[in-house]
Amino acid sequence: MIRMVQLVSQSLQGVMRSRLRSLLTTLGIAISSGALVSMVAFAVGLQAQFELPIQKLGLLNDIEVRPGDKGAVLDDLAVEKIRKVRGVSYVYPDFRLSQLNVVHGKHNRSSMALGLPREASLIQVFDEMIVAGEYFSLGTEPQALVSDRSLRDLGFDSPQAAIGQTLQIEVSGLDAKQPNQFELRKHQTSVRVVGVYRAPGIMEEFGHGALLLPADVMRDMPGLDFERTLRRLRSDKEPLKGYSRVTVRADSPQTAFRLEKKIAAMGYEARAVAGRIKEARRAFLFMEVLLSAVGTVGLVVAGLGIMNTLLMSVMERYQEIGIYKAIGASDSDVGILFLTEAAVLGLIGGLSGLALARVVCWGLQWAIGIYASREGIEEFGDVFRFPLWLLAGAVAYAILISLLSGVYPATRAARVDPIRALRGQ
């Protein structure tokens, strides 16, 4: 058996004999594998762009809980019961107002308001959003977080200028006092700005400049359940008692799936956000498979080039193969020699394809960044991602296609009759 070092050495010599032909063959592999890597890196980059804000804010730990179909009421007693379940960090009702008036001196702004739990400060899930100041503190002080997009409308020159300022909140809304009766109520309160946030791109309600308030501050504001109650009355249904939705924060994404089942066993409709992410990941996986299939077509075409190159090499080295066999090389030795040449071409082409993909994707990223800045998008993440599994897999895939392409030429070389080869027949 020919030693491995000698085998590789002979393979490199065989590749270098026809440098131009080997160069063109390797270039075909590089372009094909580079295209494959670029397309998959694009799909992986899109998935990372989608999941990054969710992971940073810990939303994979969240469970959305709604009243059950069997009449399970989602009230304060139910919230307290869920809070006591092992693995629950905190629970808070879904408080949101579509419109309220925010006043600061001579400036006022119509805004949406969202209620968030004060307990979130203990696990620092919103730190990625805060650009100035801090999150709500524990206690009962009326506080607020304002969006960086609403600073100018409220008369603030910078995020730091808003910290510590007092805002007046004016709310008018209808409260359902009886099943078929509503009462107009006005509410005013003062809140102190403790922080300024910048919303992640995927969170539309934050992105529109919503005012963030502690859930306990929003609890008594009018109009919280008006829209929900009105929709049920229009459909001839009795208004719901309690909350329409509650968010449960688990200790970890793994705990969230366990809690989802426990809460559902209590009679409520529970759905973990991580479950929705799985559905989105299926779509991204389909995209990666589709792009990989398209890239594979190019590699198969490049494999035909390898087959052609090796077949020509077999014809040119006919007598050389006869000499190998005459001095003791077996059929398998000759076949492995040509398969090794195919693998060398695949390795060089695969590594060159990685370099080509990086250069092309860098250029595309630069061009996309310029276009995004012209469209007013200041922060634009990496569109292309190159995880280690993609880099290693692309090179291994290029070698595999090359080996498959080299099977037929290697088989023909192994079947060469040494006597006829030495006679030049």
Check your understanding: Going from the alpha-carbon gyration tensor of segment 271-353, what semi-axes, largest first and in whole Å, does one get by taking the root of 5 times each eigenvalue?
Key -> 45, 14, 9
Practice item. Give me the number: length gained by fully extending residue 359 to residue 392, i.e. 0.36 nm times residue separation minus the C-alpha to C-alpha distance, one decimal in nm. Key: 10.1 nm
**Study point:** Extension reserve of the residue 84-residue 245 stretch, reckoned as 0.36 nm per residue once the Cα distance is removed
**Key:** 56.2 nm
Check your understanding: For the residue pair residue 262 and residue 157, what label-to-label distance in nm results when each label sits 7 Å from Cα along the Cα-to-beta-carbon direction?
Key -> 5.2 nm
Review point. Length gain on complete extension for the stretch residue 149 to residue 282, per 0.36 nm per residue less the alpha carbon to alpha carbon distance?
Key: 44.5 nm
Point to revise | Scattering profile of segment 260-411 at q = 0.09, 0.12, 0.15, 0.20 Å⁻¹ [log10 I(q)/I(0), Debye over alpha-carbon scatterers] | key: -0.53, -0.74, -0.92, -1.21
Practice item. Give the Rg/Rh ratio for segment 71-113, taking Rg as the radius of gyration of the Cα atoms and Rh as the Kirkwood radius, to two decimals. Key: 1.26
Point to revise | Inter-label distance for residue 96 and residue 166, nm, one decimal - labels placed 7 Å from Cα along Cα-to-Cβ | key: 3.1 nm
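Each value in this text was obtained by applying a stated rule to the coordinates, not by laboratory testing. Source: prediction; values computed, not measured. So basically every Cβ, Gly included, is an ideal-geometry build from the backbone, and we count neighbours across all protein chains shown.
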